[in-house]
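S.K.: Below you'll find the structure I mean.
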Amino acid sequence: MDLGRFRYVAVALLILYEILAIALPFLVLLYASLVRIYTVPSLESLKELTLGNYAFIVTDELTRRAFGNSLLLGAAAATIVVALTAVIAWVTV
């Protein structure tokens, strides 16, 4: 399909779509992490932004332990998968 002179317009629209598809969900997630109680985003709700949620994550012992367990589980799983893959590759090749 030849777009002719509209090729650059189509590329610009695709790039704009990709940026919005990634940026908008990220911005909503960031906004939700900065408010105490989730409300519809508005200029007035921007006055309620706080870093209290992040302070809680850093200071709560249970959250820190869960984060450490997640890191340990991820590292162990990655190590086991690499070892198994190496053995399978050595046997099959």
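Read-outs throughout are calculated quantities, based only on the coordinates presented, and are distinct from any laboratory measurement. Computed from a predicted model, the values in this text were never measured in an experiment.
S.K.: Could you pull out every whole DSSP H run in the chain that spans at least 15 Å of Cα extent along its own axis and averages 0.0 or higher on the Kyte-Doolittle scale?
M.R.: What comes out of the filter, once short or polar helices are dropped, is 7-34, 61-92.
S.K.: For the chain, what is the calculated [θ] at 222 nm in deg cm²/dmol (nearest 500), taking -39500 (n - 2.57) for each run of four or more DSSP H residues and dividing by its residue count?
M.R.: Calculated mean residue ellipticity at 222 nm is -25500 deg cm²/dmol.
S.K.: Please give the direction-averaged projected area of the C-alpha convex hull for the range 39-81, in square nanometres with one decimal.
M.R.: Orientation-averaged projected area of the Cα hull: 4.8 nm².
S.K.: Let me ask something else about it. Which value, in Å³ per residue, describes the convex hull spanned by the Cα atoms of the chain?
M.R.: 192 Å³
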